[in-house]
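Working notes for the structure below.
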Amino acid sequence: MDKCIFCGSADIKVTEISGGEQKRVQCPLCTCYIVSKDAIDDRIIDNILQYDRILFSAYLRESVSNRDPLRLLSSDIMKIPEIVAPYKKLIPIDKVNKVICYIAESSPCIGGKVPFDIEKDYTRFYCKHFTELRQILDYLCERGIIKKEEKYRGIVLTIEGWEKYERLKDVNINSKKVFVAMSFDSELKSIFADFIKPACKECGFDAERVDSKEHNEKICDRIIAGINESRFVIADFTQNKHGVYFEAGYARGLGIPVIWTCSDTFKEELHFDTRQYNHIIWKDGNDLKEQLINRIKASISINKR
Ligand SMILES: [Zn+2]
């Protein structure tokens, strides 16, 4: 294995683990993943479209921390087209907004430079190829939203850029809708109906979720439409469902605030560094309801309305 099976980067570090049965791959684009030897030997990845692999690289980047890499068996690799299906629904302006939010959130200060490497960073924004990201950056430069160093190695958000970012964050400021991304397991039905929905109601919002177990064309459209019109998103990572990572990442890309939650029993299984997003870790429904009300009042209602 001399190249990353998803993004094709040759700049990878491969370590054999579990007596050679698995490989731990450290990739500058895909963070880190563990793949079983048979998945590589059987060349299962060859059946996955190139663009699906790039989008999966974005998924890994969005949801995985180096500390806790995702383990991929042959069966997981076969599921890639299903996992990345919603990413294909993104329109160009979604990618543009994601770039602006990323630069703003990575800026050390006003006028601070954000290091950039177009050839490595394009997967972060679900671009098909690095030329797509270059096009977006050229556009942002022409509009005075960013300033660049040669070849975009460093990018500075201009004051106009900060203004644009603030407006992006104020998206759907008058909406009363809340999109809830979570597992649809029957065990969690009551968590939504008896605790999440009432918590939102108490704060003046109406929580909705798209009730389906799997992603398909129609569901993807409903999910994206639901997020597009919501004031904020609640993403519950209990049971660690693939779709929730997408939905949270998509909302953030649009500047829609996301409240991250997870039950106490599943917190160890979260793929990413939980401290980064300040998760609400809940013990039971009542605990979740109380914490949610506090969080909504503190971060959504008072500051933004
Ligand atoms: Zn990679």
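The values are calculated or read from the model by the stated rules, or taken from the named source; none is laboratory data. Note that the structure is predicted; figures quoted are calculated from it, not measured. Positions of Cβ are backbone-derived with ideal geometry, glycine not excepted, and every protein chain shown enters the neighbour counts.
All conditions but one from (1) within 20 Å of the chain's Cα centre (by Cα); (2) surrounded by fewer than 16 Cβ atoms within 10 Å (Cβ to Cβ) apply to D121; the one that does not is (2).
For segment 1-22, the candidate set comprises residues that are touching a helix residue (DSSP H, G or I) at 6+ places or on another chain (Cβ under 7 Å) and more than 8 Å from the ligand (Cβ to nearest atom); within that set, the residue that is modelled with the highest pLDDT is Q22. The residue pairs whose first member lies in segment 30-41 and is under 17 Å from I54 (Cβ atoms) and modelled with pLDDT of 90 or more, whose second member is in a helix (DSSP H, G or I) and not polar (S, T, N, Q), and whose beta carbons are closer than 7 Å, counting only pairs six or more residues apart or on different chains, are Y33/L60. Any residue in segment 116-129 that is more than 13 Å from S106 (Cβ to Cβ) sitting within a Cβ distance under 8 Å of a residue that is more than 15 Å from the ligand (Cβ to nearest atom) and of a type in the set (V, I, T)? List the pairs, counting only those 6 or more apart or interchain. These pairs meet every condition: C127/I136.
The number of residues in segment 235-260 being without any contact (Cβ under 8 Å) to a residue 60 or more places away in the chain, in a loop (DSSP other than H, G, I, E, B) and not aromatic (F, W, Y) comes to 4. Would you check if S74 is out of contact with any Leu (no Cβ under 7 Å at 6 or more places or on another chain), farther than 26 Å from G253 by Cα and away from the ligand (no atom under 16 Å from the Cβ)? In short, yes. Anything in segment 40-70 that is among the basic types (K, R) and away from the ligand (no atom under 16 Å from the Cβ)? List them, or say none. Listed by number, the residues that qualify are R43, R67. When V35 is tested against the conditions (1) under 30 Å from Y139 (Cα atoms); (2) among the hydrophobic types (A, V, I, L, M, F, W, C); (3) not in a helix (DSSP H, G or I), the lone failure is (1).
Give all pairs with beta carbons closer than 9 Å in which a residue from segment 223-234 that is acidic (D, E) meets a residue that is outside any loop (DSSP other than H, G, I, E, B) and modelled with pLDDT of 90 or more; count only pairs at least 6 apart in sequence or on separate chains. Short answer, once both residue conditions are applied: E229/K177; E229/F179. The C-beta contact set for segment 3-18 (first residue touching a residue at least 24 places away in the same chain (Cβ under 8 Å) and more than 17 Å from S74 (Cα to Cα), second residue near the ligand (Cβ under 8 Å from one of its atoms) and assigned to a loop (DSSP other than H, G, I, E, B), distance under 8 angstrom, 6+ apart or interchain) comprises C7/L29; C7/C30; S9/P28; S9/L29; S9/C30.
Per the listing K89, K37, K79, K98, the residue uniquely touching a Cys at 6+ places or on another chain (Cβ under 6 Å) and away from the ligand (no atom under 16 Å from the Cβ) is K89. Against the criterion of being within 29 Å of C7 (Cα to Cα) and part of a helix (DSSP H, G or I), C127 does not qualify. Is there a residue in segment 59-81 that is at pLDDT 90 or above, surrounded by fewer than 17 Cβ atoms within 10 Å (Cβ to Cβ) and of a type in the set (K, R)? No: segment 59-81 contains no residue that is at pLDDT 90 or above, surrounded by fewer than 17 Cβ atoms within 10 Å (Cβ to Cβ) and of a type in the set (K, R). Might you let me know whether segment 134-142 holds any residue that is loosely packed, with under 15 Cβ neighbours inside 10 Å and among the basic types (K, R)? No, there is no match, as no residue in segment 134-142 is loosely packed, with under 15 Cβ neighbours inside 10 Å and among the basic types (K, R).
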